[in-house]
1. Determine the alpha carbon to alpha carbon distance for each of 82/144; 89/141; 82/142; 89/144 and list only those over 32 Å.
2. Go through 111, 102, 96, 57 and list them by solvent-accessible area, largest first, probe radius 1.4 Å.
3. Based on the Cβ-Cβ distance from residue 107 to residue 129, what FRET efficiency comes out when R0 is 30 Å, to the nearest 0.05?
4. Sorting 86, 65 by accessible area (1.4 Å probe), largest first, what list results?
5. May I ask for log10 I(q)/I(0) of region 81-128 at q = 0.21 Å⁻¹, from a Debye sum over the Cα atoms as equal point scatterers with solvent left out?
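The values are calculated or read from the model by the stated rules, or taken from the named source; none is laboratory data. If you're wondering where the values come from, they're calculated on a predicted model, not measured in any experiment. When we count neighbours, we look across all protein chains shown, and the Cβ atoms used for this are built from the backbone with ideal geometry, even at glycine. What goes into the accessible areas is simple: the full protein's heavy atoms, side chains included, and nothing from ligands, DNA or RNA. Shrake-Rupley method; radii C 1.70, N 1.55, O 1.52, S 1.80 Å.
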Amino acid sequence: MDAFMLASGFAYISSLNEVIMCFQRVEMSMNSIRNFNDIPSSMMMMKKSGRRRRVFTSRFVIGFELFYKLFFFWGMSILACKACCEFDKSLYDAITSPLEYTEPMWRTLLTIYTSPAILRGALFRVFSVVMYPSMGRRCLKKIKQFLKEGGSRKD
């Protein structure tokens, strides 16, 4: 698969999490809830307080979003690095493909690794190797808290 298409796909996949978070905030605002800890865990409390039905702040969607984030931060960071490496290889293959290629290898590598596209890819690789795992660890802590709370959140 083309590395550019793969990297573009990762960008679209990450947008699903943003959409869920936006709709959660809208639903919370409509129910006058400011913090996630203040979301009631039972539907009985929702009926007593006269609040609207929850979809994006339901336990299922919150759990789905947390597991989705964990998958994205840990799984996609590996695949994103792979896509960047394939992009590097495609540039190298394009430069060195002619049979009468006579440039020295150091010049080829200098040309490749000083291009803005490769520098951007290198920065992205550093970000995905350093930041994504730490964000995944943070998400894992949230999942543990989410599973520990179960249905025992504030009512």
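1. In this structure, 89/141; 89/144 exceed 32 Å between Cα atoms.
2. On the way: 111 80, 102 120, 96 35, 57 5 Å².
Largest to smallest exposure gives the sequence 102, 111, 96, 57.
3. Numbers: r = 28 Å, r/R0 = 0.95.
The calculated FRET efficiency here is 0.60.
4. Details: 86 60, 65 10 Å².
These residues rank, largest area first, as 86, 65.
5. With one equal scatterer per Cα and no solvent, log10 I(q)/I(0) is -0.72.
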